[in-house]
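Written below as structure tokens is the structure these notes are about.
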Number of protein chains: 2
Amino acid sequence: MERVPVLKLGDLLIVSIQIDLQDQSVLMLQEDLADAIVDSRARGVIIDITAVEIVDSFIGRMLSTIASISRMLDAETIVVGMRPAVAITLVELGLSLGGVRTALNLEKGVAMLKDRDGADSGAVPE
Amino acid sequence: MERVPVLKLGDLLIVSIQIDLQDQSVLMLQEDLADAIVDSRARGVIIDITAVEIVDSFIGRMLSTIASISRMLDAETIVVGMRPAVAITLVELGLSLGGVRTALNLEKGVAMLKDRDGADSGAVPE
């Protein structure tokens, strides 16, 4: 079970990170996600890191890279479910997660993407 | 990262199974899920098994148990993202996933729960 699944819901993609990501699985995730954005014309990507207990510069960079790739494909990335300890570590490491927006949980992340899209489409799964 | 996160979206709970579940993690998942159903007054539970490549009677029983617990708490369980090979194995093993409904993917699972609730509430995340 090395591949992180990308779930589609309306024009959102949801990724829940639960495994310890290695170089190879990160590359696969980035490819899968890019493909999924194009295939599903997704407007937003939500990455849930509730299960991530330890974060390092590798994970931090991965999140930034995913956000950059998504932006190229016209989708916004929101990281949700960050544990307090993870937030503290990120700041201590001096990692700012450039270009990545965060929300407290999945629900707030979805609301954030919905607000952005306003009334211009059936933007969010119903 | 042994704990499977339970994501809340509207009155749905979404669980994406990606790790090899052991006895202990299954028990934790069942407890977390039961707590989450009560805390969030969820009406539906969607279990995504896209990442599950191999299924055995242990996993099959776990899915049935989760569905039974959820039903006790007035929430319906739908298993989504089953791989073709997994479906074949389940049938060959004679496991029928009693009491568990399935849908092709997350989107169809959400639609199924929405249909059930009809217009009686803002049943599905918007």
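Couple of notes before you dig in:
- Candidate residues A:43, B:101: accessible-area rank, largest first, probe 1.4 Å: B:101, A:43
- Centre separation in Å (Cα based) which lies between the stretch A:47-61 and the stretch A:1-33: 13
- Peptide A:79-88 is shielded by partner chain Cβ atoms: per residue, an average of 0 of them sit within 10 Å of its Cβ.
- Residues with amide H under 5 Å from that of residue A:13, placed H, sequence gap 5 or more: A:44, A:45, A:46
- Seen against the Cα atoms of chain A and their longest principal axis, helix A:57-72 is set at about 20 degrees.
- Other-chain or far-sequence residues with amide H under 5 Å of residue A:103's (modelled H): A:79, A:80, A:81
- Averaging 1/r over each pair of different alpha-carbon atoms in the protein assembly as shown and inverting the result gives 18.6 Å, the Kirkwood hydrodynamic radius.
- Net charge contributed by nearby residues that have their C-beta within less than 15 Å of residue A:67 (K/R +1, D/E -1): +2
- For the stretch B:15-23, backbone phi angles converted through the Karplus equation (6.51, -1.76, 1.60; θ = phi - 60°) give residue-by-residue couplings of 10, 10, 8, 10, 9, 6, 7, 9, 3 Hz, Gly and Pro being listed as x.
- Net charge of neighbours whose Cβ lies under 14 Å from the Cβ of residue A:105, counting Lys and Arg as +1 and Asp and Glu as -1: +1
- Other copies of residue A:20: label-to-label distances in nm, shortest first, labels 7 Å along the beta-carbon direction: 1.4
- Of the GluC sites (Glu not before Pro) in the stretch A:20-95, the ones in a loop by DSSP (not H, G, I, E or B) with at most 16 other beta carbons within 10 Å are A:53.
- Backbone HN-Hα couplings from phi across the stretch A:101-106 [Karplus 6.51/-1.76/1.60, Hz, Gly and Pro as x]: 8, 10, 9, 4, 8, 3
The values are calculated or read from the model by the stated rules, or taken from the named source; none is laboratory data. Just so you know, these numbers come straight off a predicted model, no measurement behind them. Backbone-built Cβ (ideal geometry, glycine too); neighbour counts: all protein chains shown. Please note that ligands, DNA and RNA were not included when accessible areas were found on the heavy atoms of the full protein model with its side chains. Shrake-Rupley method; radii C 1.70, N 1.55, O 1.52, S 1.80 Å.
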